[in-house]
Each structure stands twice: as C-alpha cells, then as structure tokens.
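Since the structure comes first, as structure tokens, the remarks are kept for the end.
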Amino acid sequence: MAIDKGQFSDVTAVARALQPSYPVYCVRPDVLAATAKRFMSQFPGTVLYAVKCNPHPLVLNALYKGGIRHFDTASLTEIAQVSDAFDDAHTYFMHPVKARAVIRTAWKVYGVRHFVIDHEHELDKVIEEAGSQGNIVIVRVNTPPADDALYHLAAKFGASPDYAAELMQQAAARGCSVGLAFHVGSQCRSPEAYFSALQLLGEVIRKSGIEPVCVDVGGGFPAAYGDRPVPVLDAYMDAIRRGLKALKLSPTVEIFSEPGRALVAHGCSLLTQVQLRKDDRLYINDGIYGSLSEMATVAIRLPARLIRLDGPVSDTMGQFALNGPTCDSLDVLPGTFTLPEDVREGDWIEIDQVGAYSNALATRFNGFHPETFVQVFDAPPALVAAA
C-alpha cells in the first residue's frame, strides 16, 4: 500500500524532515497540472491520459486539476480507479485484447462505450458482451515502425490496413459506430511519424468506404530527457493538424490522443539514499526491480543531484555506477551518474524525471518495494538545469 507522507517545500526539506533510509517518490502536482494544461491547449481534440504510465492517485488528482477528464484505460482495475475517483471522468477501453467478463463489467457497471479491437474475434466478444447499440468500436491499425522511437508497439497489436478496412466494414454492418487508432511507438522523436500514420489511416478509410466517428492518434509523445533532446511539442501538433487536414474529415469526427510520458515524466523525482560506497560504485536503496526498470530496458538517461544535510559537498565531480538494493547482480543501472567526488554513505541522491513507468512497474522482488510518496513544490532539477 502506498504511504503518503504529506507536503514539503522542496526535496531537501523531505530529506531533512524524514531522514529516509527508504526511497521516496517526490510528486510535483503543480508541474503535472501545468503540463496537462499546456498539452490540452495545443492538441486539436480530446486528450486521454494513459493511466498505465503512472496510476498513483496524487498523479491522477494533479492531472485532473490541470483539466484532464478523459482517460485511456487498459484494465478493469484502471477503469474502476478512475471512475471511483472522478464523477465526471470518461474512460476508454484501449486494450485490443480483453476478457469477456471484463468487457461486460466495463460496459454495464462503468458505462464504457469505446472499445479498441484489432481482430474479428475481439469484435465478436465486444458485441456479444456489450452489444452494438451506442458502442464505438475503434480499430487499431498497425503502422510502420517510426524512426527514432525508443521502442515500437506494432509487433503485438494492430491490424494491417487491408484487414483494418474489413474490420470497419464488419463492425458497421453489425450496428457499431466505428473509429480508427494507431500508435507510432514510445518516446517518438519524429513528428512526421504522426503525419505518415494519418496518411495510412486515409488509405484504410478509402478502402472501407466508411468515415470513422473518431480518430485516435495514440501516444508516443516524448519527454525531453537530458541526453536525448526532442522536437518541441508544436512540431508534433503541426504534423497532426496537417495529417488531419489531408483526411478531409467531417467536423463531427472526434480526435483523440493518449499521452502518458509527455504529461508525467517531469512531474516526479525519486529520493534515494547511498547505503555503501565501494570506490566508484554506490549502493542505493532503489534500482531496476523498483522504480528504475526503464533504465535497463530502453536508452533513457536520468539526471541526478546529491543532497547532504551535514556539511558541504565537493565541487569536483566524478562518475559513479549505481547499484540497486537486491541480491541480483543484474540490479545495476546502466552507465554512470555524475556526482560530487566525495559522495558517501548516508547522502541522498535525487534522481529526476521518473514520473513515467516508475512506480507503475515496481516489483516486490527480494522484499524491496518503493511505496512512500510526498508532494513537493520546487522546480524539477532537469527543468532548472535547462533554464
């Protein structure tokens, strides 16, 4: 169970007050709300937050405060969490493969009306469990892998353009309203990938002879990690607007997006503690089985800074490997971190930009499980450094 330790002015105040020997998630609600407002002001349609990215209540509450009312959900648990938290929230079942009982409960209990599919048997399940009247079946189209995405999402889900057109026709013939969706891949650094994907959707629309009631451009909008600069958000929105204009859709067609990482990456940092130093190797209390698994699976480099309460730190910097707390020798973060050369046991390290896929992926391996959350109101270190 997550533990809420309250609110603090900044992360140093957290270290001073709690003296934590356990990892602490430092959520910045003002940053999250402002990021949500900015994205919503620029996207030409309805923004669905991808709950899988970070489902913590503090995060959801901050995004809600920023104006988010629509949520991309992938399970009954996510649907229930959002629906129970916000009376005016709208949830969309965007997982292409769903259990029959879950479809039925999502529709009957929580009023879900949008269901993604990429196969005719999934269409059968949706219609048999939820009916066709009033429901929108969204066909996910398999788009080519985008250049310069951290990892692609086309291998597991998505129908070919020809098959997608057939699915649209089948769904419409059985009384469903029909939409289209795609996903260009996580942390996509190519705005033109969205334009190309929308062009592909145009082919599907022409082959099917059916205008969709909604078009979902998916997620993949990147966060600006320090070693991996990304184009400005305006470039993505421009590519999407050009792609939508070329489709010549009716004004009544709804346009969706599913940002996750782009909304929350900067909104949370992780306060860890050094428990042992061996030369240039530091042993900390969180790692790849906890909050930092993405560092081991994709090429993300996270900024870090040292916090010491009982004296000054060296101005000379060194490179240090960070080792996680488990007994597994694989629990070592890739690369090195730049920290003061006199870092020692008892110091704290704030690792920034962990708002996406951190606590959502944390395990309980070896009995280690990060579960403490606080709210802070200082500027994220990465944004301060970039200013």
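Tell me yes or no: at least one residue of region 90-99 is among the β-branched types (Val, Ile, Thr) and surrounded by fewer than 16 Cβ atoms within 10 Å (Cβ to Cβ). Reasoning before the result, please.
In the first step, residues of region 90-99 are kept if they are among the β-branched types (Val, Ile, Thr); the result is 91, 97.
Now drop any that are not surrounded by fewer than 16 Cβ atoms within 10 Å (Cβ to Cβ), which leaves 97.
Yes: region 90-99 contains one or more residues that are among the β-branched types (Val, Ile, Thr) and surrounded by fewer than 16 Cβ atoms within 10 Å (Cβ to Cβ).
Evaluate the following for Pro55: is it under 22 Å from Ala36 (Cα atoms) and not basic (Lys, Arg)? Spelling it out, Pro55 is indeed under 22 Å from Ala36 (Cα atoms) and not basic (Lys, Arg). Once region 219-254 is narrowed to residues that are of a type in the set (Val, Ile, Thr) and surrounded by fewer than 17 Cβ atoms within 10 Å (Cβ to Cβ), the residue that is nearest to Thr35 (Cα to Cα) is Val232.
Quick check: anything in region 202-222 assigned to a helix (DSSP H, G or I) and among the polar types (S, T, N, Q)? Talk me through it step by step, then tell me what you get.
Of the residues in region 202-222, the ones assigned to a helix (DSSP H, G or I) are 202-208.
Still in the list and also among the polar types (S, T, N, Q): 208.
Yes, because at least one residue in region 202-222 is assigned to a helix (DSSP H, G or I) and among the polar types (S, T, N, Q).
Go through region 261-282 and give me each residue that's touching a helix residue (DSSP H, G or I) at 6+ places or on another chain (Cβ under 9 Å) and open to solvent by 30 Å² or more (accessible area, probe 1.4 Å). Matches in region 261-282: His266 only.
To keep it simple, each residue is scored yes or no on (1) under 18 Å from the mean Cα position of the chain (by Cα); (2) part of a helix (DSSP H, G or I).
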{"residue": "Thr35", "(1), (2)": "yes, yes"}
{"residue": "Val47", "(1), (2)": "yes, no"}
{"residue": "Ile68", "(1), (2)": "yes, no"}
{"residue": "Glu78", "(1), (2)": "yes, yes"}
{"residue": "His95", "(1), (2)": "yes, no"}
{"residue": "Glu128", "(1), (2)": "no, yes"}
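I'd like the full set of residues that are in contact with a helix residue (DSSP H, G or I) (Cβ under 6 Å, 6 or more places away or on another chain) and either at pLDDT below 70 or outside any loop (DSSP other than H, G, I, E, B) (or both), limited to region 132-158. Break it down into steps so the answer makes sense when it comes.
Taking region 132-158 and keeping what is in contact with a helix residue (DSSP H, G or I) (Cβ under 6 Å, 6 or more places away or on another chain), we get 137, 139, 141, 143, 146.
Matches in region 132-158: Val137, Val139, Val141, Ala146.
Quick one: Gln353 ticks every box in (1) touching a Phe, Trp or Tyr at 6+ places or on another chain (Cβ under 7 Å); (2) under 30 Å from Glu258 (Cα atoms); (3) open to solvent by 20 Å² or more (accessible area, probe 1.4 Å) except a single one, so which number is it? Answer for Gln353: the failing condition is (3). Among the numbered criteria (1) at pLDDT below 95; (2) crowded, with 19+ Cβ neighbours inside 10 Å; (3) not in a loop (DSSP other than H, G, I, E, B), which one does Leu383 miss? Going through the list (1) at pLDDT below 95; (2) crowded, with 19+ Cβ neighbours inside 10 Å; (3) not in a loop (DSSP other than H, G, I, E, B), Leu383 breaks only (2). The single residue among Leu18, Leu76, Leu32, Leu58 that is within 30 Å of Asp238 (Cβ to Cβ), modelled with pLDDT of 95 or more and either out of contact with any helix residue (DSSP H, G or I) (no Cβ under 8 Å at 6 or more places or on another chain) or surrounded by 19 or more Cβ atoms within 10 Å (Cβ to Cβ) (or both) turns out to be Leu32.
The values are calculated or read from the model by the stated rules, or taken from the named source; none is laboratory data. From a predicted model like this one, the values you see are computed outputs, not experimental measurements. Backbone-built Cβ (ideal geometry, glycine too); neighbour counts: all protein chains shown. Ligands, DNA and RNA are excluded from the accessible area calculation, which covers all protein heavy atoms including side chains. Shrake-Rupley method; radii C 1.70, N 1.55, O 1.52, S 1.80 Å.
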